[in-house]
Structure formats: C-alpha cells, structure tokens
Amino acid sequence: MTQKVVLITGCSSGIGLALAARIAKDEKKRFMVYATMRNLSKCEPLVEAAGRTLGRTLEIKQLDVCDEASIKACVDSLPERRVDILISNAGMGLIGPIECHSIDEMKAIMDTNFFGFVRLLKEVLPDMKRRKMGHIVVISSVMGIQGILFNDIYAASKFALEGFCESLAVQALSFKLNISLIEPGPVITEFERKVYDEGLKTDLNKADSVTANMFTNIYLKNYKQIFETFGQTAEDIAEHTLKIITMKNPPFRHQTNTVYTPMTTLKYADPEVSNAGMGLIGPIECRSIDEMKTVMDTNFFGFVRLLKEVLPDMKRRKRGHIVVISSVMYIQGEDKTLS
C-alpha cells in the first residue's frame, strides 16, 4: 500500500508536535509525515516524541508560513512535490482590549493564522487538483464559529479561515478533494501558556477602567480555571485528527469538545455604521497574497481602525451602537470569493 504524504505546519510544540508524532506512529504505517517548523533549533522535543519513527515515517523540515520562498523550498524537497494531506496548524494568539494593541500586532496574527494557510494552499492546491486527490485539514477553533471576550483578533483570524474554506468547499468537490476544519475548544499547551503570559504584560493605559478591570479581574482571573476544567490535551486533538484523515468521507467540520457545541449555536444570535468594503472573486491560484491583503485591509482592518478611534468615547459615555454591513457570506462562504 502506498503511504500518503502528510505535510504538517507548526510542529515544534503543542498540537503540531502531537499530530506529527501520532500520525507517524500509525500502527498500519499508512503515512509518511513531513513535520515542519519555522525554527529547526526547536526540533528537539519533536525528535524525542518521534522516537524510532524519525527517519522512517517522519522527517523534520524547515517551513515558515509567512515566507512564500520557504514554503516553496519545502514542497520542492518532497518526492514529486506530492502532498496528499495538508494539515495547517501553525498559528499565533493575542488577547486583550483592542485599544491596547496596534494594527501591526493584529496584522501579524492575520498574516500567520490566515495568510499562512493561504500561502500553503496556493503551493499545494494545483497539484491536488491535477491529481484529483487530496485532503486539506485546518486546525481551526470554536472561536472560528463564535467569538469570545478579549479574543477579538484571534477569533477574526479563525473566522477568516472558516469562511475561506466554506468558499473553497464547492470547488474542492469538483476535484474530489476533501476539506476538514478541526475545531477544538481550550487546549492545554505551551501556546496557551504563552498567550496568557503575554496577556499579563498588556499595557492597559489606553483602556478605560471598566474594560481594564474586566480584562484583569474577570477574564485573566478565570483563564486558567477554564483551561483546567474544560481543556483537552494536544494528544486528544491528534487522536481526533487521525480519525478524520482516515475516514472515507470526512466531515467538513469536526468539534473535538462537545462541551462547546451549545455555545457555537450562538453564531446566529444578535450580539457607527461600517459599510466600506471591497470584493475579490476568482480562483486563489490566480490571486496574489498582496491582492488578498488589500481586501482584508479594507474590509476588516478598515473597521478595526474606525473602532479603535470611536470605541473609547462610546465606552466613556456608556452609549453607542456599532453597526457592520456584513454579508450572508459571513455565515456561508461562496465558491471563488474572498470577501
């Protein structure tokens, strides 16, 4: 039986490391895993976790999802440039009031979490289409369905991923490709600890006292308890993902923690008018990352810039109504559309 080639990003720790180790240790040896990370000097934990699979069913390679040349070099190094299963896992987190974060900080999250995946897909999708074979797996989040307090930008990056994949899904079916969004809730990893530690360092001088108190004494105070009570392990997510990639007809969405299923139904509840926007249609292979970033800069960051300017005064007066002209494509993507 020919092994399926699995390319995984963000494997230096956490979910990515657990994914690489678990899939490489598949008892039936159905997979050849290429586990990638931005900085190869951080590979030791993966080497240890891989054990005897290293050099057999697992190889470690350098790949930076924010660098198109790095992605191309990695894919070029694979036999016949073939990727049967792409698992997009690399990501960054950011918590805190939006008044306290710069647009550049927010763009860095979007560049890794959303455009990192798009860069990968542009490199491997044409061959998957040509062969009419492939499975695109995205490690998303329940926050790709329902936003959570003080996770505005992280949730936005996951919403972007989910909308993008929904838009691509119909096209993918025409080429016999599968797309699966893995949607964990809290996962206890070094990633989450780092996000929490960075949150503790947030300069709250630009936030009003009510918001600062809410972030410090409600959100951060309960952060660890939520993870301890409801959090899964990275190994749990790896097991769920292995199940999905071995299914004959894998689902488009898979939530790993049923505790959060009721919460995600709130997506359809109602939670300055923002109307400016741009559209972009066409196959992603025919659009540059810069074109896509222009759409994101207007449609998303344009609204964030406005909000950063007017929100502090609305909070001070405890009065205001923020209205966003969105689209049905927020709920359900449409083929060939980045909007």
Length gained when the stretch T261-C66 is fully extended (0.36 nm per residue, less Cα-Cα span) = 67.0 nm
Where the only charges are on Cβ atoms (+1 Lys, Arg; -1 Asp, Glu), what is the dipole of the chain about its Cα centre, to the nearest 20 debye?
-> 760 debye
What is the extension gain from R56 to S77, computed as 0.36 nm multiplied by their sequence separation minus the C-alpha to C-alpha distance, in nm to one decimal?
-> 5.9 nm
State in Å² the accessible area per residue of the chain; use a 1.4 Å probe, count heavy atoms of protein chains only, and round to the nearest integer.
-> 50 Å²
What shape does the range 104-163 have by the C-alpha gyration tensor, where a ≥ b ≥ c are the square roots of the eigenvalues, rounded means a/c under 1.5, and otherwise prolate means a/b greater than b/c and oblate the rest?
-> oblate
Could you please put V310, V124 in sequence from largest to smallest accessible area, using a 1.4 Å probe?
-> V310, V124
In nanometres, the difference between 0.36 nm per residue of separation and the alpha-carbon distance of V47 and K194 is 50.7 nm
Which distance in Å, rounded to a whole number, links the C-alpha centroids of the range 212-229 and the range 154-195?
-> 25 Å
Compute the convex hull volume of the Cα atoms of the chain, divide it by the residue count, and report the result per residue in Å³ as a whole number.
-> 137 Å³
Which value in Å does the Kirkwood hydrodynamic radius of the range 8-61 take, with 1/r averaged over all unlike C-alpha pairs and then inverted?
-> 10.5 Å
Percent antiparallel among DSSP beta bridges with both residues in the range 21-170, to the nearest 5?
-> 0 percent
Under the 7 Å Cα-to-Cβ spin-label approximation, K224 and K243 lie apart by a distance in nanometres of 3.1 nm
Give me the distance between the Cα centres of the range 1-36 and the range 110-140, rounded to whole Å.
-> 16 Å
With unit charges on the beta carbon (Lys/Arg positive, Asp/Glu negative), name the residue among G185, V33, F215 whose Cα is farthest towards the positive pole of the charge dipole of the chain.
-> V33
For the range 29-170, the dipole about the Cα centre with charges only on Cβ (Lys and Arg +1, Asp and Glu -1), to the nearest 20 debye, works out at 880 debye
Enumerate the lysines that K132 could reach by cross-link, defined here as Cα to Cα under 19 Å, with residues fewer than 8 away along the same chain left out.
-> K4, K122, K176, K248, K336
Over 30 Å (Cα to Cα) among K61/K107; K72/K201; K42/K72; K25/K194; K42/K129; K25/K129 -> K72/K201; K42/K129
For M133 and N39, FRET efficiency with R0 = 30 Å and r from the beta-carbon atoms, rounded to 0.05?
-> 0.40
Ellipticity estimate at 222 nm from DSSP helix runs (n ≥ 4, -39,500 (n - 2.57)) divided over the chain, nearest 500 | -13000 deg cm²/dmol
So in the chain, what percent of DSSP beta bridges are antiparallel if you round to the nearest 5?
-> 5 percent
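The values are calculated or read from the model by the stated rules, or taken from the named source; none is laboratory data. Small disclaimer: the values here were computed from a predicted structure and weren't measured. Quick reminder, even Gly has a Cβ in these numbers, built from the backbone with ideal geometry, and neighbours come from all protein chains shown. When the accessible area is computed, the model is the full protein with side chains, heavy atoms only, and any ligands, DNA or RNA have been set aside. Shrake-Rupley method; radii C 1.70, N 1.55, O 1.52, S 1.80 Å.
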